[in-house]
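Heads up: the structure comes next, in structure tokens.
The values are calculated or read from the model by the stated rules, or taken from the named source; none is laboratory data. Just so you know, these numbers come straight off a predicted model, no measurement behind them. No Cβ is skipped: glycine too gets one built from the backbone with ideal geometry, and neighbour counts run over all protein chains shown. All accessible areas refer to the heavy atoms of the entire protein, side chains included, with ligands and DNA or RNA removed. Shrake-Rupley method; radii C 1.70, N 1.55, O 1.52, S 1.80 Å.
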Amino acid sequence: MYDPIAGAGVVTYNIVFSSVVATPVNFTIGLLPGSNITVLNVTSSNGAPLPYFHDQQANVVTVLLNNTSGFTLTYSIRDLMTTLVPGSYSVTLDTSAMPGSVSVDIYVPGLYNVSCVGLPCSTRLDFSSNTTNIHVDGRGILILTLTVYTQGAVSPTTPPTTTSPAMTATTTSPQTTTSAPTTPAQPPAATTTPSITQGPRLAYPALVVVILVVLVVLGVIGVVLARKRA
């Protein structure tokens, strides 16, 4: 368990042997690079305390084993990770010197995006406990990078892509529907009005001509009758 913000954590080694160590033997194991490393306890597989020596200069612990199939080593550590930028942290782990098959489980308080280079790893974000769980398998050099996970970074991106086209379609459709009947409605009113006003103007000149012709004819008839009487 390591908190990159506080810069402190606790490391536990669970080491299991393929057979029981029946005779006393010294077993030396390297610790992770860091500062202020303090060995908290060393116990055998059955929970009994084991004698050990912590070489701070070489950064190793030597444990005296006897009649046990394994042991557990727990120590505190500081400054294991380096701050790249605020919210981003990195650590290089070397498990190549550890014997046998190796697997590493790292528990980090908070939610982080994880990048692993060198060894395969899997990550699980536990939102209920606000913890990032990292599992690594294999021996070798691992470069691990953590970046603070922001929960709202993905969620707002999805709705606009589906909502925006729908809003554009419904906004454009009413504009074409309401403007279409307005344009053809005006020309009939403009062409009908002249046809009504022009009819009476053509009727008055024709009536005047007829009256004048009648008056001329009556005048001619009157002149002819007057001559005959004379």
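Quick notes on this structure:
- Extension gain, residue 35 to residue 131: 0.36 nm times the residue separation minus the Cα-Cα distance gives 32.2 nm.
- Order by protection proxy (mean Cβ within 10 Å, highest first), peptides 115-121, 62-68: 62-68, 115-121
- Taking the accessible area of the range 1-80, probe 1.4 Å, and keeping the other protein chains in place, the carbon and sulfur fraction comes to 53%.
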